[in-house]
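Following: one structure in structure tokens, then a few remarks.
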Amino acid sequence: MNAFGWACAALLAVVGFWSVGAYNRLMTLRNAITEAFAQFEKHLRERASLCDRLLAQVSAALPSEQATFDALVQAQSEALSAAQNARARPWSPDSIGGLAVATALQTAAQTRLVSLLDHQAELRQAQALDPLLDELKLIERHRAFTRQVFNQAVEQYNDALRQMPTRLLTPLFGFRPARSL
């Protein structure tokens, strides 16, 4: 084999090793999105469970607000369903887009419930709701933090997709940009 043949073989080896390294880096970043999503989903389920407990305590005392309660139950159901759909591929823009809409609706319905309870001081005292509301605020802070971690993982992944020369390989490997929550 002549010098040109050795140079071509060395170049192919370098490109091959680089391609494997780029693929592994993108997979590591995509796995970080999956791990961050799992934490976000955990807090989403905790929030839904706590809201269910709140609703169980206040729905009998406030029958005139059944529409508010029904809206929250529906929004929670949609958010949990969207999270379950997104669990398999949390880097998919379509599944995360649906989840973002569903969680926004859930947050709006939850805000209406908390606002309603803020105006019912005697009910809050009679039902001992303040500890549950404090726990809900704590869960909201944790959920906001895990959402931020998820969004940072998505940003790192998307940045890696846009970097040259890895950008040349992303269509070959089937990597697409992810969406933030």
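A few notes on this one:
- Spacing of the two label points (7 Å from each Cα toward its C-beta) at A121 and S81, in nm: 4.1
- Percent of Cα pairs exceeding the 20 Å cut-off, where the set is the range 1-87: 62
- Which of V149, T170, G98, positive extreme of dipole for the range 75-181 (C-beta unit charges): T170
- Paramagnetic reach from A128 (point 7 Å along Cα→Cβ, amide N under 15 Å) across the range 44-63: 54, 57-58
- MRE, 222 nm, helices only [DSSP H, n ≥ 4, -39500 (n - 2.57), over the chain, to nearest 500]: -30000 deg cm²/dmol
- Screening the chain for whole DSSP H helices with an alpha carbon extent of at least 27 angstrom along the helix axis and a mean Kyte-Doolittle hydropathy of at least 0.0 yields 3-58, 93-118.
- Difference of contour (0.36 nm per residue) and Cα-Cα distance, E155 to A7: 49.5 nm
- Two-site FRET efficiency, S49 against A88, from Cβ-Cβ distance with R₀ of 22 Å, rounded to 0.05: 0.50
- Relative contact order [Cα under 8 Å, 6+ residues apart], the chain, whole percent: 33
- Computed log10 I(q)/I(0) for the range 96-156 at 0.12, 0.25, 0.26 Å⁻¹: -0.41, -1.08, -1.12, from the Debye equation with unit scatterers placed on every C-alpha and solvent omitted.
- Cβ-Cβ distance of S59 and N31, R₀ of 30 Å, FRET efficiency by 1/(1 + (r/R0)^6): the value works out to about 0.10.
- About the Cα centre, charge dipole magnitude for the range 1-55 (Lys/Arg +1, Asp/Glu -1 at Cβ), debye: 80
- The Rg/Rh ratio of the chain, with Rg taken over Cα atoms and Rh as the Kirkwood radius over Cα pairs, comes to 1.24.
- Charge-dipole axis of the range 26-95 as Lys and Arg at +1 and Asp and Glu at -1 on Cβ define it, positive-most pick from A75, L55, I33: I33
- Counted by neighbouring Cβ atoms within 10 Å, the residues S64, S77 run from fewest to most as S64, S77.
Each value in this text was obtained by applying a stated rule to the coordinates, not by laboratory testing. None of the values given here were measured: they were computed from a predicted structure. Virtual Cβ from ideal backbone geometry, glycine too; neighbours counted across all protein chains shown.
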